[in-house]
Amino acid sequence: MQARFIDLHTHTSASDGSDSPTELIRKAAALRLAAVAITDHDTLAGLEEAEAAGKKYSLEVIRGCELSVESVYGEVHLLGLWIPHQCEALQQTLETLRNHRTTRNQRIVEKLQEQGVTISYEEVLSEACGESVGRPHIAAVLFRKGVVESISEAFTRFLGEKAPAYVPRKLLKPDEGVRLLAGTGAVVSLAHPMLIRCPSSWFDELIPFLRASGLQAIEAYHSEHSARDERFCVALADRYGLALTGGSDYHGTAKPRVTLGRGKGGLRVTMAFLEALKARFPQPF
Ligand code: AMP
Ligand code: ZN
Ligand code: FE
Ligand code: FE
């Protein structure tokens with residue numbers, strides 16, 4: 001039988017992806033993916049629509065989200081997979097984080113205006129379809145208005161960490177983030193570890209620390225990971241007894257080079273990974 005593929009890291013228009021949850025699931029079904037996790041930043045708002053679309057297109061939808069936490073080496077991202085419907089504490093914290101986003105986004109717009117860029121906060125809000133608004137929406141406004149020629153130029157010239165309109169966002173501490181997700185019963189995976197700009201030896205501090213708070217997996221397979229990165233992550237997971245996850249980090253047109261299920265072309269996460277996760281973390285999935 002032909003191997004079926006899955007994608008455990010995707011973004012919809014509920015945060016900074018460009019496809020609606022229904023559209024994303026429809027595309028995943030057309031690509032014959034067997035399962036997709038929706039992992040929007042700081043919101044669960046796309047999950048119900050995605051689940052309904054999953055039923056319609058006979059595709060397994062995993063309820064997820066992505067949280068950013070702070071570290072001495074910048075942002076560290078966490079994925080929560082199989083988030084239950086009842087998760088009051090998580091919902092409350094996500095709402096607080098989204099409120100911080102609003103204040104931060106308004107400050108970014110002010111900084112852009114100070115630099116002579118004509119942009120309003122209302123334009124940013126109308127660019128976003130969902131409740132979790134971020135720099136990619138601001139970048140899209142700058143692109144649409146012809147201020148920059150690409151989204152990536154918007155980040156290099158204005159919005160990136162070293163750029164003049166950068167405003168940091170309030171983030172949870174790493175152990176707080178892991179506990180928050182793990183406390184719902186979700187499986188918590190360290191997202192795209194190789195995108196953290198840290199010495200590789202730091203993982204031997206970070207991972208045992210996060211594991212003590214409830215980290216259960218590492219996202220070894222990701223669009224930005226090389227084969228060597230994958231091997232490094234698999235070795236880390238083995239060393240600390242963690243499971244493996246994998247996904248594209250699809251954002252639709254917001255990251256045009258990353259495709260659903262295939263990442264930049266070479267990504268292939270099989271059903272075997274999903275079966276291994278389910279065997280290891282038995283839940284009423
Ligand atoms: P925010 O959550 O508002 O801080 O924005 C972070 C998001 O911006 C990330 O999830 C990425 O999807 C996107 N992003 C960050 N850096 C870049 C970049 N250089 N080019 C394009 N997108 C980026
Ligand atoms: Zn994103
Ligand atoms: Fe991420
Ligand atoms: Fe992501």
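Quick notes
- Hull volume in cubic angstrom per residue (convex hull over the Cα atoms of the range 215-256): 58
- With a Förster radius of 35 Å applied to the beta-carbon distance between THR96 and ARG32, the computed FRET efficiency rounds to 0.35.
- Surface composition of the chain: carbon plus sulfur atoms contribute 51% of the solvent-accessible area (1.4 Å probe, protein chains only, all chains present).
- Accessible area of the chain divided out per residue, in Å², using a probe of 1.4 angstrom: 45
- Bridge type composition, the chain - antiparallel percent by DSSP, nearest 5: 45
- Within the range 100-155, the ratio Rg/Rh, alpha carbon atoms throughout and Rh by Kirkwood, equals 0.92.
- Per-residue ³J(HN,Hα) for the range 41-48, Karplus 6.51 cos²θ - 1.76 cosθ + 1.60, θ = phi - 60°, Hz, x for Gly and Pro: 6, 6, 7, 10, 5, x, 5, 5
- Rel. contact order, % - alpha carbon contacts under 8 angstrom, at least six apart, the range 159-285: 19
- Tilt relative to the chain, helix 21-30 - C-alpha long axis, 0 to 90 degrees, to 10: 50
- Reciprocal of mean inverse Cα separation for the chain (Kirkwood radius, Å): 19.2
- Euclidean distance between Cα centres, the range 157-186 to the range 81-135, Å: 12
- Helix 227-239 and the longest principal axis of the C-alpha atoms of the chain enclose an angle of approximately 60°.
- Of LYS55/LYS173; LYS111/LYS145; LYS170/LYS264; LYS162/LYS255; LYS173/LYS264; LYS27/LYS170, pairs whose Cα-Cα distance is over 28 Å: LYS55/LYS173; LYS170/LYS264; LYS173/LYS264; LYS27/LYS170
- For CYS65, the residues 5 or more places off, or on other chains, whose built amide H falls under 5 Å of its own are GLY80.
- Restricting the GluC sites (Glu not before Pro) of the range 77-162 to loop positions (DSSP other than H, G, I, E, B) with no more than 14 neighbouring Cβ atoms within 10 Å leaves GLU149, GLU161.
- Averaging 1/r over each pair of different alpha-carbon atoms in the range 54-110 and inverting the result gives 13.9 Å, the Kirkwood hydrodynamic radius.
- Overall Cα dimensions of the range 63-197 - principal axes, largest extent first, Å: 47, 31, 21
- In terms of overall dimensions, the range 41-80 has a Cα radius of gyration and Dmax of 13.7, 44 angstrom.
- Dividing the radius of gyration of the alpha carbons in the range 154-285 by their Kirkwood radius gives 0.98 for Rg/Rh.
- Compared with the dominant principal axis of the Cα atoms in the chain, helix 135-144 is inclined by about 50°.
- Against the rule of thumb 2.2 N^0.38 Å, how large the Cα Rg of the range 1-119 comes out: 1.25
- Rg(Cα)/(2.2 N^0.38 Å) for the range 123-216, N = residue count: 1.39
- A Gaussian network model of the chain, with springs between Cα atoms under 10 Å, assigns the largest mean-square fluctuation among PRO136, PRO21, PRO164 to PRO164.
- Out of every Cα-Cα pair that the range 226-285 contains, those further apart than 16 angstrom amount to 57 percent.
- Karplus-based coupling profile of the range 197-202, in residue order and whole Hz: 8, 10, x, 5, 5, 5, with θ = phi - 60° in 6.51 cos²θ - 1.76 cosθ + 1.60 and x standing for Gly or Pro.
The values are calculated or read from the model by the stated rules, or taken from the named source; none is laboratory data. Remember, predicted model here, so these are calculated numbers, not experimental data. A quick note on method: Cβ atoms are made from the backbone with ideal geometry, for glycine too, and the neighbour counts reach across all protein chains shown. With ligands, DNA and RNA removed, areas are computed over all heavy atoms of the protein, side chains included. Shrake-Rupley method; radii C 1.70, N 1.55, O 1.52, S 1.80 Å.
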